[in-house]
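Below you'll find the structure, written out as structure tokens, and then a few comments.
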Amino acid sequence: MATDTMSDRRTARPATAAPRRVFVIDDDEVILLTCRRTLEKAGYDVETFENGLDGIRRIEQLQPQLLLVDLKMPELDGLQVIERVRKVDPDVVIAVITGYATISTAVEAMKAGAYDFLPKPFTPDELRLIVNRGHERWRLATESARLRREKDEAERRFVTFVSHQLKTPVVAA
């Protein structure tokens, strides 16, 4: 008799699927709580940090696919966080959240390595849209890198095979 139920099969994540992990760095506790609740309901694993240093330390340990970071924070501002995170994990997709949204801050954040920009206040739907879009960008970049590696390996095997065949004398039948 099978012990698993239909709900177990629906909610069980395949062994090969990586968790959809999002980190949020913001000095505003309400933003952190809102992001956590909204994104966990959308199926993301969420970790929140009240300052950039704690967030960067955790990114060094457990690389998320997506980082949401506030621009204006004490000690380490969002642009400094982006710069340091890029050194630790160049593949993480970064979106900036800020209450000081201007064209110049958006441009500055994009130059620093941010992918997207979410002005405060934002709705749960806007947050989910930015995070879903960022996660899709990460997934496509990861898939593209995997396919490039497979292509390079196939080319290497083909060249090895052809060079071996050219070195082998032809046998008349």
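The values are calculated or read from the model by the stated rules, or taken from the named source; none is laboratory data. Predicted model, so just to flag it, every value in this text is computed and none were measured. Backbone-built Cβ (ideal geometry, glycine too); neighbour counts: all protein chains shown. Accessible surface is based on the protein model in full, side chains and every heavy atom, while ligands, DNA and RNA are left aside. Shrake-Rupley method; radii C 1.70, N 1.55, O 1.52, S 1.80 Å.
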Checking residue 134 against (1) small (Gly, Ala, Ser); (2) loosely packed, with under 14 Cβ neighbours inside 10 Å; (3) closer than 18 Å to residue 38 by Cβ: exactly one of these is not met. Which one? (2)
Can you confirm whether region 10-19 contains a residue that is within 20 Å of residue 112 (Cβ to Cβ), outside any helix (DSSP H, G or I), open to solvent by 70 Å² or more (accessible area, probe 1.4 Å) and at pLDDT below 95? no
Hey, could you check region 82-127 for residues that are of a type in the set (Asp, Glu) and not in a loop (DSSP other than H, G, I, E, B) and say which is modelled with the lowest pLDDT? 108
Can you list residue pairs whose Cβ atoms sit under 8 Å apart, with the first residue in region 128-147 being over 9 Å from residue 93 (Cβ atoms) and the second being open to solvent by 70 Å² or more (accessible area, probe 1.4 Å)? Count only pairs 6 or more apart in sequence or on different chains. 142/91
Does region 35-53 hold any residues that are polar (S, T, N, Q) and assigned to a helix (DSSP H, G or I), and which are they? 38
Restricting attention to region 57-81, report how many residues are modelled with pLDDT of 95 or more, part of a helix (DSSP H, G or I) and buried (at least 24 other Cβ atoms within 10 Å of the Cβ). 1
